[in-house]
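K.L.:
Have a look at this one.
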Amino acid sequence: MTDDKKQTRITRSLVRPALGALSGLLAGFAALAVAELVAAGVRPQAGPVIAVGGAAIDRTPTPVKDWAIRNFGTNDKLVLQLGILAALVLFAIALGVFALRYRRTGAAGVLLFGVVGAAAALSRPDSTGLTDALPSVVGAVVAAALLYFLIGRLQIRGQAPDDTGSARDDSSRGEGWDRRGFVILATAAAAASAGTGLLGRALSGSKSREAAASRADVVLPAPASPADAIPKGAQLRIRDVSPFTTPNKDFYRVDTALVVPKVDATTWKLRIHGKGVTRPVTLTFDDLLRRELIERDITLTCVSNEVGGPYVGNARWIGVRLADLLAECGVKPPSKGGRADQLVARSVDGMTIGSPVEDVMDGRDALLAVGMNGEPLPFVHGFPVRMLVPGLFGYVSACKWIQDIELTSFDDYDAYWVKRDWARQAPIKTQSRIDTPKPFARPKAGSVMVAGVAWAQHRGIDKVEVRVDDGPWQEARLAAEDSRDTWRQWSYDWRATEGGHTLTVRATDRTGTVQTEKRTGTVPDGASGRHSVVVTVE
Ligand SMILES: Nc1nc2c(c(=O)[nH]1)N[C@H]1C(S)=C(S)[C@@H](COP(=O)(O)O)O[C@H]1N2
Ligand SMILES: [Mo]
């Protein structure tokens with residue numbers, strides 16, 4: 001064989017697999033586009049990528065999830081979705097190539113993906129019924145048919161090879177396939193898929209526009225009990241210290257929602273029911289706004305926050321006092337003979353968060369919050385209503401997009417995170433963080449401002465100390481206290497000497513407890529240990 005002929009043969013032998021792969025990709029694209037359109041009619045969350053992603057999140061082992069939150073932060077969801085898409089692309093290519101030889105089985109393989117997507121959608125806790133399977137099923141049927149016909153164009157004209165693989169010889173000849181038919185069908189399929197996908201996007205966009213309009217229409221009433229003015233001395237004039245009030249755009253976000261729920265406040269309802277509830281109620285958003293509102297500064301912290309980590313923020317919230325509402329429903333705390341010791345909050349996306357009724361009703365400012373730093377809650381932070389309980393980690397207190405409150409007991413029910421190795425009850429641990437200098441900074445010798453924040457919500461911070469290397473603990477200057485439910489800034493004027501140094505901080509809360517030096521991981525009830533920063537003084 002001449003080199004030339006050999007070359008042509010190699011090229012031809014690669015053309016068919018490449019076209020098979022292309023067919024698979026086109027089928028996959030069609031599946032996602034059709035599913036997107038159907039999902040727009042059903043629920044955006046019922047789309048296969050979101051459903052499979054959500055199911056994956058729920059089944060991810062806690063250490064992996066915790067690692068993802070720590071390393072990717074809010075991007076963990078983007079990383080997951082890209083991973084799912086990459087897997088789909090690989091499977092689509094493989095199925096396309098496989099279908100060249102086993103056309104029917106290959107096409108049927110596409111249906112299998114529909115089944116996986118449908119099963120994932122139906123297994124979601126927020127699934128609203130069998131219709132949730134439709135996006136995956138319809139998408140897969142269309143894609144299977146498309147793959148079948150595309151592969152048909154690649155097979156010898158006038159001969160329809162079946163699953164016995166009799167078209168095998170064809171590949172070596174690389175001739176006889178319906179070139180024109182394939183190009184036309186492939187182009188038409190790609191164009192139709194793109195159009196379908198865009199239409200689906202546009203339609204699902206209209207629902208979130210309604211929700212956005214309902215948010216734009218919210219006028220927060222003036223609170224009957226406004227927050228005390230933040231003391232002037234609560235905000236130190238030091239560069240690089242976390243601002244006392246975290247702006248909404250900088251507030252950390254931790255949740256399992258692949259698609260941020262866009263709830264229309266005009267149709268939103270909250271039901272309160274369960275054990276010991278003698279007068280169950282269902283409230284609308286307007287019902288809440290008509291009640292007496294209180295405004296409070298509360299610092300929220302995530303149990304997944306590592307020592308020195310970023311998942312803590314402080315905001316000025318407006319909301320309804322949850323304890324009053326519960327009392328009106330006949331709920332009593334266990335210490336007063338109440339039958340329920342756990343309050344389970346459920347969100348529109350199926351999240352369940354269990355809080356101790358005793359804490360919610362012990363006089364602290366547990367809220368059904370509607371406002372955050374002067375505006376309605378941002379969608380990512382739970383619009384229209386979320387819960388907050390000062391002193392408890394977010395996963396046991398701060399349900400976003402809340403729609404149901406059920407009174408029950410810790411013996412009878414484990415909420416979402418508790419089923420995944422986290423503790424049933426989790427008060428926030430006393431913690432402190434060095435915001436400046438940053439790790440590996442190279443400050444000049446002389447006066448160096450060391451500063452940061454410390455928190456022990458609902459207990460309050462009484463003392464912060466800094467240690468240089470293995471030296472004695474030196475008391476830091478504490479900023480004025482806003483309330484015991486908020487964090488407190490601190491600073492320490494360090495006479496820095498040249499060389500490498502390790503700065504360590506520890507806080508003491510109002511119960512007299514000194515922040516422990518014992519290091520523990522975040523699972524099951526929050527990280528402990530002390531934050532250190534290594535710097536080189538020049
Ligand atoms: N619906 C819902 N609410 C949720 C969560 C969630 O995943 N879904 N995560 C909780 C956790 S773990 C924390 S720390 C806080 C974070 O609130 P933020 O995102 O507004 O900062 O929300 C809580 N409320
Ligand atoms: Mo959290």
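The values are calculated or read from the model by the stated rules, or taken from the named source; none is laboratory data. The structure presented is a predicted model; accordingly, all values stated were derived computationally and were not measured. In this analysis, Cβ positions are derived from the backbone assuming ideal geometry, glycine residues included, and neighbour counts consider all displayed protein chains.
K.L.:
As an exercise: evaluate Leu300 against (1) touching a helix residue (DSSP H, G or I) at 6+ places or on another chain (Cβ under 8 Å); (2) closer than 30 Å to Leu80 by Cβ; (3) in a loop (DSSP other than H, G, I, E, B) and give the number of the one condition it does not meet.
P.N.:
(3)
K.L.:
Output the number of residues of region 447-475 satisfying the condition of being buried (at least 24 other Cβ atoms within 10 Å of the Cβ) and in contact with an Asp or Glu (Cβ under 7 Å, 6 or more places away or on another chain). If you could, list the steps in order and put the result at the bottom.
P.N.:
Residues of region 447-475 buried (at least 24 other Cβ atoms within 10 Å of the Cβ): 450-457, 461, 464.
Checking which are in contact with an Asp or Glu (Cβ under 7 Å, 6 or more places away or on another chain) leaves us with 451-453, 456-457, 461.
Of the residues in that region, 6 qualify.
K.L.:
Quick check on this structure: which one of Leu198, Leu220 is away from ligand 2 (no atom under 16 Å from the Cβ), of a type in the set (A, V, I, L, M) and assigned to a helix (DSSP H, G or I)?
P.N.:
On the way: Leu220 fails: assigned to a helix (DSSP H, G or I).
Every option except Leu198 fails the conditions.
K.L.:
State the number of residues belonging to region 417-430 that are more than 13 Å from Ser528 (Cβ to Cβ) and crowded, with 20+ Cβ neighbours inside 10 Å.
P.N.:
Adding up the residues that qualify gives 3.
K.L.:
Let me ask something additional. Take the conditions under 27 Å from the mean Cα position of the chain (by Cα), assigned to a helix (DSSP H, G or I) and not aliphatic (A, V, I, L, M) and apply them to Lys262. Does it pass?
P.N.:
No; evaluated as a whole, the condition is false for this residue.
K.L.:
Since Gly330 meets every condition but one in (1) within 11 Å of ligand 1 (Cβ to nearest atom); (2) at positive phi, which condition does it not meet?
P.N.:
(1)
K.L.:
Which of the residues spanning region 520-538 are part of a loop (DSSP other than H, G, I, E, B) and over 18 Å from Thr301 (Cα atoms)? Walk me through it before giving the result.
P.N.:
Within region 520-538, the subset part of a loop (DSSP other than H, G, I, E, B) is 521-527, 529-531, 538.
If the condition is that a residue be part of a loop (DSSP other than H, G, I, E, B) and over 18 Å from Thr301 (Cα atoms), then Glu538 is the only one that fits.
K.L.:
For region 280-312, which residues satisfy the criterion of being within 11 Å of ligand 1 (Cβ to nearest atom) and either without any contact (Cβ under 8 Å) to a residue 24 or more places away in the chain or among the hydrophobic types (A, V, I, L, M, F, W, C) (or both)?
P.N.:
Correct list: Leu300, Cys302, Val303, Val312.
K.L.:
Inspect region 346-357 for any residue being more than 26 Å from Ala211 (Cβ to Cβ) and more than 14 Å from ligand 1 (Cβ to nearest atom) and give the result as yes or no.
P.N.:
We begin by selecting, within region 346-357, every residue more than 26 Å from Ala211 (Cβ to Cβ); these are 354-357.
From what's left, more than 14 Å from ligand 1 (Cβ to nearest atom): 356-357.
So far as region 346-357 goes, yes, one or more of its residues are more than 26 Å from Ala211 (Cβ to Cβ) and more than 14 Å from ligand 1 (Cβ to nearest atom).
K.L.:
Can you find, within region 223-261, the residue that is nearest to ligand 2 (Cβ to nearest atom) among those that are of a type in the set (S, T, N, Q) and under 17 Å from Met372 (Cα atoms)? Working first, answer last.
P.N.:
Narrowing region 223-261 to residues of a type in the set (S, T, N, Q): 225, 235, 242, 245-246, 248, 256.
The next check asks that each one be under 17 Å from Met372 (Cα atoms); those that pass are 225, 245-246, 248.
Details: Ser225: 28, Thr245: 20, Thr246: 15, Asn248: 18 Å.
That would be Thr246.
K.L.:
Here are some residues: Val303, Val307. Which one is crowded, with 24+ Cβ neighbours inside 10 Å, assigned by TED's automatic domain parsing to the domain that holds Gln342 and over 22 Å from Gly374 (Cβ atoms)?
P.N.:
Values: Val307 fails: crowded, with 24+ Cβ neighbours inside 10 Å.
After applying the criteria, what remains is Val303.
K.L.:
Still on this structure: Scan region 460-470 and give yes if some residue there is under 30 Å from Pro223 (Cβ atoms) and within 16 Å of ligand 2 (Cβ to nearest atom), otherwise no. Lay out the reasoning, then the answer.
P.N.:
Of all residues in region 460-470, those under 30 Å from Pro223 (Cβ atoms) come to 460-462.
Filter once more, keeping what is within 16 Å of ligand 2 (Cβ to nearest atom): none.
Looking for residues that are under 30 Å from Pro223 (Cβ atoms) and within 16 Å of ligand 2 (Cβ to nearest atom), one finds none in region 460-470, hence no.
K.L.:
Shifting gears a bit: Filter region 389-423 down to the residues that are among the charged types (D, E, K, R) and over 22 Å from Val277 (Cα atoms), then identify the one that is nearest to ligand 1 (Cβ to nearest atom).
P.N.:
Let us first name the residues in region 389-423 that are among the charged types (D, E, K, R), namely 400, 404, 406, 411-412, 414, 419-421.
Now narrow it down to the ones that are over 22 Å from Val277 (Cα atoms): 400, 419-421.
Details: Lys400: 4, Lys419: 13, Arg420: 11, Asp421: 14 Å.
Step by step, filter region 389-423, then rank; the result is Lys400.
K.L.:
Is it the case that region 252-262 has a residue that's touching a Leu at 6+ places or on another chain (Cβ under 9 Å) and within 30 Å of Phe29 (Cβ to Cβ)? Give the derivation first.
P.N.:
Pass one, region 252-262, residues touching a Leu at 6+ places or on another chain (Cβ under 9 Å): 252, 258.
Going one step further and asking which of them are within 30 Å of Phe29 (Cβ to Cβ), we end up with 258.
Yes, region 252-262 contains at least one residue that is touching a Leu at 6+ places or on another chain (Cβ under 9 Å) and within 30 Å of Phe29 (Cβ to Cβ).
K.L.:
Assuming Phe285 fulfils every condition listed in (1) away from ligand 2 (no atom under 16 Å from the Cβ); (2) out of contact with any Leu (no Cβ under 9 Å at 6 or more places or on another chain); (3) farther than 21 Å from Gln425 by Cβ apart from one, which condition is it?
P.N.:
Phe285 satisfies every listed condition except (2).
K.L.:
What residue, among those in region 382-405 that are over 15 Å from Ala211 (Cβ atoms) and of a type in the set (A, V, I, L, M), is surrounded by the fewest Cβ atoms within 10 Å (Cβ to Cβ)?
P.N.:
Ile402
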